[in-house]
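Below you'll find the structure, written out as structure tokens, and then a few comments.
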Amino acid sequence: MKKPAKTVTLTDNSTGKQIELPVVTGSLGAPAIDIGRLYRDFGYLSYDPSFASTASCRSTITFIDGDKGQLLYRGHPIEKLARENSFTEVTYLLLYGELPEAHQRQRFTAQLRRHSMINEGLKGFFRAFYHDAHPMASMVGVVGAMSAYYHDVTDIRNPEHREIAAHRLIAKLPTIAAGCHKRAVGEPFVYPDNSLSYCGNLLHMMFSVPCEDYVVEPVAEEALDMIFTLHADHEQNASTSTVRLAGSSGANPFACIASGITALWGRAHGGANEAVLEMLDEIGTVSNIPRYLERARDRDDPFRLMGFGHRVYRNHDPRARIIRTMCHKVLERLGDINDPAFELALRLEEIALQEDYFIERKLYPNVDFYSGLIYRALGIPRNMFTVMFAVARTVGWVAQWQEMMDDPQQRIGRPRQIYVGAKSR
Ligand code: CMC
């Protein structure tokens, strides 16, 4: 076997035994020590409980440079994609590796449109859920149930099946998201209108009613499309890792995406957008900001500044900058420019970024700090914010799942543990 270009040697100080481990380098980012042989040849496990220093796979999809505050999809800067490309084009890029040519975009759009309806039987699930269930709870149930309706494409070794399942998931998630909303507000379900764009259609299915005409507001469609691009993928975050782990056992794609939705739900992850507005409500006025920042600094207080901080970014989250600009635009066009919550958020950011606590820990606003304010301006209820995130992130989950299925090194994911329980009883 060819010797790797670079190695790292570990020494066990108690026995003097050594092991030479290969270093793996990617095209960008920090090198990694390949510890695959560590236990077999050296008798040690590695311990990294929240995976702060662990690369779990090789990937060509998304790259984050946390120190620079840079995010790339397939090598394209997020700023450029958000400015120049539609969400459907970005979806194609994430799935297939290249931005589509005109004919590819046309064919892909037609594919997604063809799959936009859901099986009528699935609607029974929405009705079965309690009327005031959280829409994320309904979504996870319905997406999980998709495997019972679309099992004709669950042969995961068959690339054609995988592609159809991928298209179905991406195409049907807006219909399911809108269904969750309609169930919650007690209005009739609205069928997709395939003459509309992906995000225009989602707005139509959420807000139109059979007794009135509904016209999609262009700025709402534009803002949603851009937010979806920003949310589409973010390398090996908690929900994506969950999808990969579920998929590594050979589970079908609908089951895997349902597992991703559950992981996204928490407040430390996709649930943060809902939590930010709750926090802004609680803070209430600019004069209360110092008191809440004091609470955020207090280790004994569980309060954290929601929408602030990130495991990987130690600089501005580039998505937050783009979204803040869009927030100005949406509020201006929709006539809510004096939204007190937006004013409060701007002041909170300004004041927090001057404090040593946030400077030393390199805590900056993340993508979710402003996304909820835009959603609210578009009339999207608070409990739907994380559902919107899930629709967009489905693209990343599906792309990452596809990549994993094609990876010759893929085996079932199976972390080990440090057992600290009773020895014998
Ligand atoms: N408010 C106050 N202090 C914070 C915050 C915050 N939002 N985030 C991190 N810290 C402190 C933390 O207490 C710790 O301080 P110390 O070193 O004194 O113990 C230090 O900063 C490092 O934080 P950490 O908890 O080790 O960081 P992490 O990488 O484990 O957590 C995070 C990342 C995003 C979960 C966390 O920053 C957080 O809870 N933020 C609020 C929730 C949020 O906005 N989540 C959305 C993330 S972006 C969208 C997405 O990916 O879904």
So what J values fall out for the stretch 61-70 if you push phi through Karplus, 6.51 cos²θ - 1.76 cosθ + 1.60 with θ = phi - 60°, rounded to Hz, Gly and Pro as x? 8, 10, 10, 10, 9, x, 6, 7, x, 10
Compute the relative contact order of the stretch 147-216 as a whole-number percentage, counting only Cα pairs closer than 8 Å that sit 6 or more residues apart in sequence. 21
Here P(r) for the stretch 1-151, Cα-Cα distances in 10 Å bins, as whole percents, is 8, 21, 21, 24, 17, 7, 1
The residues Thr62, Thr15, Thr229, sorted from fewest to most surrounding Cβ atoms within 10 Å, come out as Thr15, Thr62, Thr229
With +1 on each Lys and Arg Cβ and -1 on each Asp and Glu Cβ, how big is the dipole of the stretch 25-173 about its Cα centre, in debye rounded to the nearest 20? 360
Relative contact order of the stretch 85-204 (C-alpha contacts under 8 Å, at least 6 apart) in percent is 28
Count charges around Ala399 for me, please; just the other residues with Cβ under 15 Å from its Cβ, Lys/Arg as +1, Asp/Glu as -1. -2
Using every pair of alpha-carbon atoms in the chain, split the distances into 20 Å bins beginning at 0 and state the percent of pairs per bin, rounded to integers. 24, 55, 20, 1
With -39,500 (n - 2.57) per DSSP H segment of 4 or more residues and division by the full residue count of the chain, the 222 nm estimate, nearest 500 deg cm²/dmol, is -16000 deg cm²/dmol
Using a Gaussian network model of the chain whose springs link C-alpha atoms within less than 10 Å, name the residue from Ala255, Ala268, Ala110 with the highest mean-square fluctuation. Ala110
Test of understanding: express the Cα radius of gyration of the stretch 91-139 as a ratio to 2.2 N^0.38 Å, with N the residue count. 1.71
Mean-square fluctuation maximum in Gaussian network of the chain, Cα pairs under 10 Å, restricted to Ala275, Ala220, Ala32, hits Ala32
Regarding the stretch 1-69, what is the average projected area of its C-alpha convex hull, in nm²? 6.5
What's the magnitude of the charge dipole for the stretch 198-346 around its Cα centre, counting Lys and Arg as +1 and Asp and Glu as -1 at the beta-carbon? Answer in Debye, nearest 20. 820
Dipole axis of the chain (+1 Lys, Arg; -1 Asp, Glu on Cβ), positive-most option in Tyr370, Leu331, Thr154: Thr154
Could you tell me which GluC sites (Glu not before Pro) in the stretch 155-216 are loop residues by DSSP with no more than 11 other beta carbons within 10 angstrom of their beta carbon? Glu212
How large is the Rg to Rh ratio of the stretch 261-355 when both quantities use alpha carbon positions and Rh follows Kirkwood? 0.96
Check Leu378: other-chain or 5+ apart residues with amide H under 5 Å from its amide H, H built from backbone geometry? none
What relative contact order, as a whole-number percentage, does the chain give when Cα pairs under 8 Å and 6 or more residues apart are counted? 19
List Glu222, Glu235 from most exposed to least, where exposure is judged by having the fewest other Cβ atoms within 10 Å. Glu222, Glu235
From the C-alpha gyration tensor of the stretch 247-297, pull out the three semi-axes of the equivalent ellipsoid (sqrt of 5λ each), sorted largest to smallest, in whole Å. 37, 10, 4
With a 10 Å cut-off between alpha carbons and a GNM built on the chain, which of Ala251, Ala133, Ala30 moves the most? Ala30
Listed with the fewest Cβ neighbours within 10 Å leading, Lys80, Lys182, Lys423 appear as Lys423, Lys80, Lys182
Take every Cα-Cα pair in the stretch 193-301 and report what % of them are more than 24 Å apart. 53
With +1 on the Cβ of every Lys and Arg and -1 on the Cβ of every Asp and Glu, the dipole magnitude of the chain about its Cα centre, in debye rounded to the nearest 20, is 1640
Selection from Val391, Asn119, Met405 lying farthest towards where the dipole of the chain points positive, charges on Cβ: Met405
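Computed from the coordinates by the stated procedures, all read-outs in this text should not be read as laboratory data. Model, not experiment: these values are computed from the prediction. Reconstructed Cβ throughout: ideal geometry from the backbone, glycine too, with neighbour counts over all protein chains shown.
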